Amino acid sequence: MAEQFANNATSIITIALVPTDLTVTLQSATSFPGIPQFRLLIDLELMLVTAVAGNVFTVTRSIEGTVAAVHAAFTTVTLPLTAGSLVNVAGPTGPTGATGATGAAGATGATGPAGATGATGAAGATGATGAAGATGATGPAAGPITPSALSGLDLWLDAGTITGLADGATVTNWPDQSSNGRHYNTSSGTKPIYKTAIINSLPIVRFNGTTQWLYNSGKYNPSGPITVFLVLKFTSGNPLSSAKVPAPGGGFTYAINAGSHLFQCSDGVGGWAFTSVIHGFIDTSSFNVVTLRIGYGEFEGRNNGMLWGTATDDPRKMLSAGDTTFGLIVGALNNNGSVGGFTAGDIAELVVYNRTLTTLEVAGVEQYLVNKYAL
C-alpha cells in the first residue's frame, strides 16, 4: 500500500489511549490524508494508520521500534516523516514527482533529484488544504484558555490573588477577579483560613467542615444556565457533605460531593432528588478539577477532564426563585437560606460563567487549571 503524506498535519486526541487501544479519535482530521496508509506520532510512539473513518483512525501500535504507551486526552498528534515511511515511497513514482516540482514544491525537489522527492511535493498541495483547516482555529482553542478570555465570566475566586495574609491567617476578603466585584468577605459562621504553598507552590483557602464558609455581601445568586469550575481537595469522603454550589436561581441546589457522588440536585424543600444524581468518584487524596455544566433541564459533571455523566431534570429547577438570604455559598450547602453540609478540604479556585460553555471552551479552561496547578 502506497504511503500517504500531508504537510503540517496536526491535531489533538480527544480520548485518552492505553497500550491496547487500536483506534485513535482526533478533534479534527482535516489536515491528515483521507486514505491509509500513513504514520502518526503521539508523544514518543509511532503508529501506522491502516483505516480512516472521519476523525477516527484504525492503527497498528508501536511501529519502527517505538513502545506502546498511555497517552492523555488533548495530547498533540502529528504526521511525521520517518525511515519506515520513506521505504514505502516507490521508485516508479519518481516521474510523477517531476510534475509535483512544477507546483511550489520545487524547492523540496531540489534537495534531491530523486522522483520520490517530487512525490512529497504533490503531498504538499494536500498540506495547503490542511492549512485551510487550521483556519477553524477551533483546534488551537482547545489548548489552555484563561477564564477572562471567555464571555459570560460571572465570578472568579483565585486564592492566589488574596493579599496581605500570612500562612494560617483568617480569610477576611476573597477578591473576585471578574469585572463584577463580587468579593467573598461575609459569613455568619466562622471564616476559613489561608494556607500558603499547598499546590504547585500556590495558596489555597481551607475549610474545616464544621463551621467555616463565605458568601458575597451582595448575595450573588446566579440564574439561568451556568458553568462552574472548582479546583479542590477534600480531606474527608462523606458523600453527603462537601463543597456546595447552588443551582441557577436558588431553591434547587447542586452539591459537589466527595466519595460516591460527583454532584446531585437538592429539591430545596426536603430530601435529595436522587433521579438527578450523577455517580462518580472524587479522589480525596489529591486535588481535582471538577466541572459542572448546567443548562435548561439537564446538567453534566466532569472530573479532571473526564465526563462522568449527564442527567436531566425539571427545567423549572433551573429557573426557580432566587435565595435572598445568602446566595451562592462557598464552603457549605445553601438550602433555601439554611446553611449546612460544610466542606472539609481546600479550595484553590472557583470560576463561574453565566452560560453553558461549549465543549471546546470547557476543555480549554480545564487545561488552564490543570497546567496552573500541575495536576
Sequence of 21, 154 from largest to smallest accessible area, 1.4 Å probe
21, 154
Find how many whole Å separate the alpha carbon centroid of the range 326-375 from the alpha carbon centroid of the range 18-71.
35
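Highest first, please rank the peptides 363-369, 6-12 by the mean number of other Cβ atoms sitting within 10 Å of their residues. Write down the numbers at each step before the final one.
Working: 363-369: 21.9, 6-12: 20.0.
Ranking, from highest mean packing down: 363-369, 6-12.
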By per-residue mean of other Cβ atoms within 10 Å, what is the highest-first order of 163-171, 206-214?
206-214, 163-171
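Can you tell me the order of 349-362, 173-186 when each peptide is scored by its average per-residue count of other Cβ atoms within 10 angstrom, highest first?
Working: 349-362: 20.1, 173-186: 17.6.
Those peptides, ordered most packed to least, come out 349-362, 173-186.
The values are calculated or read from the model by the stated rules, or taken from the named source; none is laboratory data. Keep in mind that this is a model prediction, so the values were computed, not measured. Here Cβ is always computed from backbone atoms with ideal geometry, including for glycine, and neighbour counts include all displayed protein chains. The protein model used for the area step is the full one, side chains on, heavy atoms only, and it has no ligands, DNA or RNA in it. Shrake-Rupley method; radii C 1.70, N 1.55, O 1.52, S 1.80 Å.
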